[in-house]
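Undergrad: The structure under discussion is supplied below as structure tokens; questions concerning it will follow.
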Amino acid sequence: MTQAVEQRVRTALARAKKRLPRHVVALRHRLDTDSSGQDAVYVWIIIDDGAPEEVWAYEATSPLGDVVEQALSAAGVDLWPYVLFRAKSEQDEFDAERTSA
């Protein structure tokens, strides 16, 4: 995938982040292929560890994913979006493992 696609994704996610609640502390992404071999964008919505338990319910997370998907579509990103969720502490552990490897 090209740098132009990467830039469109970054711009879209920056716009989406502004529309998300404060308990969303970050958005992370990776351009890759999915299990069927199609180009895709994987987006992780990072949730603050101190957020109440109810923010993890489907009824609360589904609209967050919609915001991300709409932002990607509006930016002309034609990759299939996979939206996932992680706690900040989980993301921090993942980042630490990647930098120590």
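Undergrad: Kindly evaluate V68 against the criterion of being in contact (Cβ under 8 Å) with a residue 12 or more places away in the chain, of a type in the set (V, I, T), part of a strand (DSSP E or B) and in contact with a strand residue (DSSP E or B) (Cβ under 7 Å, 6 or more places away or on another chain).
TA: On the way: in contact (Cβ under 8 Å) with a residue 12 or more places away in the chain: yes; of a type in the set (V, I, T): yes; part of a strand (DSSP E or B): no; in contact with a strand residue (DSSP E or B) (Cβ under 7 Å, 6 or more places away or on another chain): yes.
When the stated conditions are applied, V68 does not pass them.
Undergrad: I'm checking my understanding of the structure. Among residues of segment 81-101 that are among the aromatic types (F, W, Y) and within 12 Å of the chain's Cα centre (by Cα), which one is farthest from S35 (Cα to Cα)?
TA: Looking at residues that are among the aromatic types (F, W, Y) and within 12 Å of the chain's Cα centre (by Cα), I get F85.
Undergrad: What number of residues within segment 48-70 are closer than 17 Å to Y82 by Cβ and buried (at least 16 other Cβ atoms within 10 Å of the Cβ)?
TA: Going through segment 48-70 one residue at a time, the tally reaches 6.
Undergrad: Sticking with this one: Quick check on this structure: which one of S89, S62, S35 is more than 15 Å from V9 (Cβ to Cβ) and in a loop (DSSP other than H, G, I, E, B)? Talk me through it step by step, then tell me what you get.
TA: On the way: S89 fails: in a loop (DSSP other than H, G, I, E, B); S62 fails: in a loop (DSSP other than H, G, I, E, B).
The unique qualifying residue is S35.
Undergrad: If you don't mind, another one. Specify the residue that is nearest to D95 (Cα to Cα); the eligible residues are those in segment 1-35 that are β-branched (V, I, T) and without any contact (Cβ under 8 Å) to a residue 40 or more places away in the chain.
TA: By that ranking, first place goes to T33.
Each value in this text was obtained by applying a stated rule to the coordinates, not by laboratory testing. None of these values were measured; they are calculated from a predicted model. Ideal geometry is used to build each Cβ from the backbone, glycine not excepted, and the neighbour counts take in all protein chains shown.
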